[in-house]
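Student: Let me give you the structure first, and then I'll get to my questions.
The values are calculated or read from the model by the stated rules, or taken from the named source; none is laboratory data. From a predicted model like this one, the values you see are computed outputs, not experimental measurements. Note that we place each Cβ from the backbone using ideal geometry, even for glycine, and neighbour counts take in every protein chain shown. Remember, those area values only see protein heavy atoms, side chains included, never the ligands or the DNA or RNA. Shrake-Rupley method; radii C 1.70, N 1.55, O 1.52, S 1.80 Å.
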Amino acid sequence: MKPISEIEVTRGIVERFTADFLDSLQLDVAVIGGGPSGMTCAYYLARDGLKVAVFERNLHVGGGMWGGGMLFPRIVLQDAALEIVCTDLGCRLEPFHEGYHVGDSVEVVSRTCVAALDAGVRVWVGVSVEDVLVREEDRVSGVVINWRAVELAALHVDPLALEAKVVIDATGHEAGVVHTVQRKIPGARLFTETGKIIGEKPMWAEVAEANIEDYTREVYPGLLVAGMAANAVYGAPRMGAIFGGMFLSGKKAAGLAAEMVRRS
Ligand code: 48F
């Protein structure tokens, strides 16, 4: 092995980062949030041949799935999600209750991440989405990003931006991208009953899981919601440590986004 200098290590990182980052500036789909719904969505989009990147403000993907329920690192999934979680993402689950399986949350996060990367998803960690680009006909057409570290340190540093034909808010309970649209676009009317974010209801797993696929929709031109963000926007309950709906929602969002990209 040839010795390598610190300068060469630095060059390797900066050159590779720059090339990959430049390649993420014009995307078919930008997925905001690397939780189960966002990673699943990105996986199916990449498998479908679309150019997709996930922007995750933490240094890791997996969102709220790592810790299972109350730090017991196991998750429950309904059988309707098995084709996604086991067949496509390669996770191993055990039958547990009629119609339900249980799995190791660390394994499910890890295999989902590997499947997404193998499919061609580019994942940017440590990056917060703080704003959106809105262009013709009030359509969301990209996102504004900054390092999470800059945000946490409250440094006054201007952000950068990238374009995407479709943006997916998979930011979980916060529904942060939809909140930004509501806050920053005067008179913005979301595609909800009230035209506004309705807000998450108290925990009711059965109802929450039953609603989440239906609420996985385009909520503003160019902007889809997936996962818990969908329930938060459309006024459905939270569901706790049952995760099947997150995978089903991610897959549905991928199908809708792919259709929007094809029409664009
Ligand atoms: O919260 P999260 O796991 O969302 P999800 O995919 O799954 C929800 C479940 O984990 C759980 C549940 C299941 O029953 O209710 O809560 O809907 O993942 C959301 C990810 O988005 C990131 C955040 O760090 C997390 O990893 N995120 C949130 N806001 C931003 C963001 C932002 N502005 N920019 C970048 N990443």
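Student: Out of all the residues in region 224-243, which are within 14 Å of the ligand (Cβ to nearest atom), surrounded by fewer than 24 Cβ atoms within 10 Å (Cβ to Cβ) and not charged (D, E, K, R)?
Tutor: Pro237, Met239, Gly240, Ala241, Ile242 - these are the residues of region 224-243 that are within 14 Å of the ligand (Cβ to nearest atom), surrounded by fewer than 24 Cβ atoms within 10 Å (Cβ to Cβ) and not charged (D, E, K, R).
Student: Also: Which condition number does Val102 fail, the rest of (1) touching a Phe, Trp or Tyr at 6+ places or on another chain (Cβ under 6 Å); (2) assigned to a strand (DSSP E or B); (3) within 12 Å of the ligand (Cβ to nearest atom) being met?
Tutor: It is condition (3) that Val102 fails.
Student: Further, regarding this structure: Filter region 196-223 down to residues that are more than 13 Å from the ligand (Cβ to nearest atom) and open to solvent by less than 40 Å² (accessible area, probe 1.4 Å), then give me how many there are.
Tutor: The number of residues fulfilling the criteria is 7.
Student: Residues being within 9 Å of the ligand (Cβ to nearest atom), farther than 14 Å from Tyr100 by Cβ and not in a loop (DSSP other than H, G, I, E, B): count how many of those fall in region 57-77.
Tutor: Qualifying residue count for the region: 3.
Student: Among the residues of region 45-54, is there at least one that is modelled with pLDDT of 95 or more, touching a helix residue (DSSP H, G or I) at 6+ places or on another chain (Cβ under 9 Å), within 13 Å of the ligand (Cβ to nearest atom) and open to solvent by less than 60 Å² (accessible area, probe 1.4 Å)?
Tutor: Yes, region 45-54 has at least one match.
Student: Against the definition (in contact (Cβ under 8 Å) with a residue 60 or more places away in the chain and within 18 Å of Gly62 (Cα to Cα)), how does Ala258 come out, yes or no? So that I can check it myself, show each step before the final result.
Tutor: Working: in contact (Cβ under 8 Å) with a residue 60 or more places away in the chain: yes; within 18 Å of Gly62 (Cα to Cα): no.
When the stated conditions are applied, Ala258 does not pass them.
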